[in-house]
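The values are calculated or read from the model by the stated rules, or taken from the named source; none is laboratory data. Note that the structure is predicted; figures quoted are calculated from it, not measured. A quick note on method: Cβ atoms are made from the backbone with ideal geometry, for glycine too, and the neighbour counts reach across all protein chains shown. The area values use the complete protein model at the heavy-atom level, side chains included, leaving out ligands, DNA and RNA. Shrake-Rupley method; radii C 1.70, N 1.55, O 1.52, S 1.80 Å.
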Amino acid sequence: MKYTIIQIILMDAKNFPLLVPSDVDEPSYCGFITVKGQELAFQIKLENNSTGLKNAKLYGSPKLKRLIFGHEKALQQRLEQCASFSEFFVDLKDLLELLMTKEKTDPSPCENYYSTLINELNSIGWDKLEAFNPSLKNLSLKLNDSSGRQHSIFVSLPFSYPQTPLIVHAELPTPSSTTSNHMASLKDAVSFYSKVSLDKELEKFQYVWSMLDDIDAHTWVLEPCKPKRSDLIRRIALGNHCSLQIELDASYPKGECQYRLFGTESLISPLREKIIKNWNTWLNFDLTIRQNFENILEITFPSTQTISTSDINIECGICYSYRHEDSLPDQSCNNAKCGQPFHRSCLYEWLRSIPSTKQSFNTFFGNCPYCNDAITTTICDQ
Amino acid sequence: MVNAVSRRLLKELKDYQKERNPDLIELSPIQEDNILVWKAVLRGEAETPYEGGHWTLRIEIPKNYPIQPPKMKFLTKICHPNISFKTGEICLDILKAAWSPAWTLQSACMAIRLLLSNPEPTSPLNCDAANLLRCGDFMGYESLVRMYTQLYAMSQTDNEGSA
């Protein structure tokens, strides 16, 4: 058996001249594999009394080990599948070549990168560290403001840190604050945002945030699905396929806020009339924006506790999903008994495919796929 | 677009599995890695000549489903005026011009099942069966259908069950 393997190796000597049997008793071979001009030491141990490469074990120099880190499983699989040495070596060589080119494009961090990072985290306190990714390129810190709201500060670390500054940003509702800031150290970042809070920069948003928190707690928010601190828009479910979208203004949170109603015209128009009729009663600033809207619309918003998902049912009747290519169902059948919502793009695709659909400029006139009542939509930009 | 299609199909599959339909014994993709080809097994309606039979259908779903209707055909031989005896092709308006996204694979299968007891002999794919109905020979039609049901739709399910 040993003899045949040695034969194979001798046969492959042309391709792998640096491989020799290392042990007389145990079938094991060691040598070098040449990849991109670099010679990597490795050893392969075969199982006794086995003819193939099954259960063979591959050992390598630290450099080789580092290169194949994360690919061990695939390599083991190849080792089991390959019929001959040469086949496996070709595979190994290909993989190493690929990984080596990849490694070259990834610059390694500066000498004192990690030690600086650890020292800094020690100085600001590890409890402030919220999350980090395995490469330590991005991390987030958490800070509490005066009202106890937790904020995340996102830090991306360039590999040349500390020579080049950190890029730091936080989710704040104004465009100027969300743009990235360059900071010399994590400590600076923490003190900057803490100072911001002391400087009433964060305080400015407390009112808006408390309004938004009230909405999030008491209504069924459809959009955004995971509101960030910088999101000022809330789309609230009203039931029967209808929804209300409210947009607050960070600079004038007590002023009139933007709103938009979605859903069947027959259900929405009474709500719209109520808004027109009651809008001037919006005087009570002791109440939250949600409470004001409830007073104006003369309804109570359904909350996650009071209704189930099926009652909300605002999925598109064509693609059966709520979110489709970042758009939400904003068209709906005007038949009060139907009221089926659709994505504009889905409805457009459907009406376009039907020969009986009439088009006038950019409006399509057709029939609802569900109740066959007249329905119209406008051309999608996409 | 394929993504939106698979999302809708997965939802349809979930809806079917949530509430099993006794008339539709099976409705699922044939292979796990291809959601665009499904298989359905229909149970023949009681008190019709199709009683006791199980028919397998192959459903091919176009990439722009549900804008385009699914392509359905019988794999099990069936004798029906609107279904081709040879190819299993089905002549049903909702699978062609009358299709709308409001239909689902399950409701389309149920529509086919309803077609079995409500044949339309004026647009036949199986002229022999249609001619019997057009001549008013209901007895002859029913016994012909029952014979083919026993011949193909009962034995085959037994074979499938044991296989």
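Here the extension length gained between A:LEU136 and A:GLU97 equals 11.5 nm, from 0.36 nm per residue of separation less the Cα-Cα distance.
For the stretch A:206-309, dividing the convex hull volume of the Cα atoms by the residue count gives 95 Å³ per residue.
As a length-normalised measure over Cα pairs under 8 Å and 6 or more apart, the relative contact order of the stretch A:226-270 settles at 30 percent. Summed over both chains, the accessible area lost when A and B associate is about 1100 Å², using a 1.4 Å probe. The ellipsoid equivalent to the alpha-carbon distribution of the stretch B:37-98 has semi-axes of 22, 13, 11 angstrom, derived from the gyration tensor eigenvalues as √(5λ) and listed largest first.
The 1.4 Å probe gives accessible areas that order B:MET72, B:MET110, B:MET139, largest first, as B:MET139, B:MET110, B:MET72.
Placing a label point 7 Å from the Cα of A:SER269 along the Cα-to-Cβ direction, the residues of the stretch A:313-356 whose backbone N falls under 17 Å from that point are A:332-340. Lysine pair count for the stretch A:206-309 with Cα-Cα distance under 28 Å and sequence separation of 8 or more or different chains is 4.
Considering the stretch A:315-378 at the alpha-carbon level, its Rg and Dmax are found to be 11.0, 29 Å. With a cut-off of 13 Å on the backbone N, the residues of the stretch A:126-157 near the modelled label site 7 Å out from A:PHE192 along Cα-Cβ are A:153-157.
In this label model, B:ASP23 and B:LEU114 are separated by 0.8 nm, measuring between points 7 Å along each Cα→Cβ vector. Sequence-distant contacts, meaning Cα pairs under 8 Å at least 6 residues apart, place the relative contact order of the stretch A:206-309 at 26 percent.
Residues whose amide H comes within less than 5 Å of that of B:GLU120, counting only those at least five positions distant or on another chain, are B:ASN82 (H built at 1.01 Å from N in the peptide plane).
All other residues whose Cβ lies under 13 angstrom from that of B:TYR65 are scored, Lys and Arg at +1 and Asp and Glu at -1, for a net of +2.
Averaged over the residues of peptide B:95-103, the number of Cβ atoms from other protein chains lying within 10 Å of each residue's Cβ is 4. Dividing the summed helix terms, -39500 (n - 2.57) for each DSSP H run of n ≥ 4, by the number of residues in chain B produces a 222 nm estimate of -10500 deg cm²/dmol to the nearest 500. The 3J(HN,Hα) values that the Karplus relation (6.51, -1.76, 1.60; θ = phi - 60°) gives for the stretch A:29-38 are, in residue order, 9, 10, x, 10, 10, 9, 10, 6, x, 9 Hz. Gly and Pro appear as x. Check which residues have an amide H placed less than 5 Å from B:LYS39's amide H, if you skip close sequence neighbours. Amide H neighbours of B:LYS39: B:SER28, B:ILE30, B:ILE59. Each Cα pair under 8 Å and six or more residues apart adds its separation to the average, and for the stretch B:2-162 the resulting relative contact order is 21 percent. Given a 10 angstrom Cα cut-off, can you work out which residue in B:LEU27, B:LEU105, B:LEU114 is the most mobile in a GNM of chain B? Comparing B:LEU27, B:LEU105, B:LEU114 in the GNM, the peak value goes to B:LEU114. Can you bin the stretch B:2-162 into rounded, prolate or oblate? Criterion: square roots of the alpha carbon gyration tensor eigenvalues sorted a ≥ b ≥ c, rounded for a/c under 1.5, prolate for a/b above b/c, oblate for the rest. It is prolate, given that a/c is not under 1.5 and a/b is the larger ratio.
Please work out the FRET efficiency for the pair A:ALA41 and A:SER230, using the Cβ-Cβ distance as r and a Förster radius of 51 Å; give the result to the nearest 0.05. Could you put the intermediate results ahead of the total?
Details: r = 53 Å, r/R0 = 1.04.
E between A:ALA41 and A:SER230, to the nearest 0.05, is 0.45.
Can you figure out the FRET efficiency of B:LEU151 with B:ILE94, using R₀ = 25 Å and their beta-carbon distance, to the nearest 0.05? Calculated transfer efficiency: 0.30.
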